[in-house]
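Working notes for the structure below.
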């Protein structure tokens, strides 16, 4: 569980609602169903227009990463590849065949398969880098969904405000209708700007950081596989791979 996401959201909400309360306002005044329909419904609809179905699915698959990031264990990965290099030097590359079925990550499984098949080191690097770039691009397309939500939400907040003011102007002769229209106008703006800057854009940035960590982890794996294919010394492999990861993460 990524506790910072939960803490950040709670801190932001407490700050907003707490500030409203300290100013003498009521929490109920920030709750407006028509404004929520206009802002969130309009924002989601606008983003759907520009989003391909595959990217939408990718965005939904990635959403849990905002709260539970994929686990990256660089030290374990380095130890595993050092053991592979030792086995390869003792028993040859075919000695690693039993390890293929134990790999749950398809990217790592492909790399180990290329290694055992005797592919040239540069061919291994080229093949894995192509797959890395493709998977990274697909993941970033999912991030764009949340970035788009953050981009459209403030604009739809303005639309909600204008609609609320239209209601106000159309009911000047009926004072009982003025309050609801003014409330919708101002609350819609809060919903648009608030959701963009407190939810959608932070989620997009959190997902981007997870993708960057995943890419770095896979780059380290590619380097390790290539070094094993080149027959490099296990100690040198360990030192080279540790250079990919900050010391406090090892």
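Values in this text are rule-based calculations from the coordinates and carry no lab data. Values in this document were obtained by computation on a predicted structure and should not be read as measured data. A quick note on method: Cβ atoms are made from the backbone with ideal geometry, for glycine too, and the neighbour counts reach across all protein chains shown.
Brief remarks follow.
- Kirkwood's formula applied to the C-alpha pairs of the chain gives a hydrodynamic radius of 21.7 angstrom.
- Principal-axis analysis of the Cα atoms of the chain puts helix 106-116 at an angle of about 20° to the longest axis.
- The separation of the range 37-84 from the range 122-159, counted between C-alpha centres, amounts to 9 Å.
- With the cut-off at under 19 Å, measuring from each backbone N in the range 27-57 to a point 7 Å along the Cα-to-Cβ line of residue 63 picks out 36-57.
- Fewest-first ordering of 125, 57 by other beta carbons within 10 Å of each residue's beta carbon gives 57, 125.
- Build a GNM of the chain with springs between Cα atoms under 10 Å apart, and of 40, 217, 17 the one that fluctuates most is 17.
- Residue order, fewest to most surrounding Cβ atoms within 10 angstrom, among 240, 102: 102, 240
- Sequence-separation-based contact order of the chain, relative, with Cα cut under 8 Å and 6+ spacing, percent: 31
- Likely footprinting exposure, 3, 29, fewest C-beta neighbours within 10 Å first: 3, 29
- A full extension of the chain between residue 130 and residue 89 corresponds to an added length of 12.0 nm, given 0.36 nm per residue minus the alpha carbon distance.
- For the residues 169, 220, 81, a GNM of the chain with alpha-carbon springs under 10 Å puts the largest fluctuation on 169.
- In this simple spin-label approximation, residue 122 and residue 141 carry label points 7 Å from Cα along the Cα→Cβ vector, and these lie 3.1 nm apart.
- Take the Cα of residue 3, step 7 Å toward its Cβ, do the same at residue 235, and the gap between the two points is 4.0 nm.
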